[in-house]
Amino acid sequence: MSRFKELRKKIGLTQEELIEQFNLNYGKRYTPAAISQFENDKRIPETHSLADFANFFGVSIEYLLGRESPIPSIQLHPEEEELIRAYRRAPANITVAISKLLEPYSKDDA
């Protein structure tokens, strides 16, 4: 299974939901056929879109391309997983507002 498909399933999105959210948040026009080709390792996104996909999935470009081993996973509570799925489905203006609200809590105090 390609990293694209693995990551999409991990965040709980259908291909249609991924396309809708990604295109909306990054101003792209990817089609179901293109995403299917990425997921079946028949094509990779254009160079300028790789960083956007890596950002969307929260991974490095190297990981997305299968050149880096998986990052260790952290255990999330079911409520945290649902919040992450909801955040990824939310429109850009909502995710920006949420990020601003959480900014004071995202800094390491160490």
How many residues does the range 13-65 contain that are over 20 Å from A90 (Cβ atoms), out of contact with any Phe, Trp or Tyr (no Cβ under 7 Å at 6 or more places or on another chain) and not β-branched (V, I, T)? 19
Of L65, L76, the only residue that is among the hydrophobic types (A, V, I, L, M, F, W, C) and within 14 Å of S2 (Cβ to Cβ) is L65
So if I check each of L65, L50, which one is within 13 Å of the chain's Cα centre (by Cα) and either of a type in the set (S, T, Y) or open to solvent by less than 70 Å² (accessible area, probe 1.4 Å) (or both)? L50
Sole miss for N93 among (1) within 26 Å of S2 (Cβ to Cβ); (2) over 14 Å from the mean Cα position of the chain (by Cα); (3) modelled with pLDDT of 90 or more is condition (1)
Checklist (1) under 16 Å from K9 (Cα atoms); (2) surrounded by fewer than 12 Cβ atoms within 10 Å (Cβ to Cβ); (3) among the aliphatic types (A, V, I, L, M) applied to A33, failing item: (1)
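The values are calculated or read from the model by the stated rules, or taken from the named source; none is laboratory data. Note that the structure is predicted; figures quoted are calculated from it, not measured. Heads up, the Cβs are rebuilt from the backbone with ideal geometry, glycines too, and the neighbour counts pull from every protein chain shown. Ligands, DNA and RNA are stripped out before the accessible areas are found, and what is left, the full protein with its side chains, is counted by its heavy atoms. Shrake-Rupley method; radii C 1.70, N 1.55, O 1.52, S 1.80 Å.
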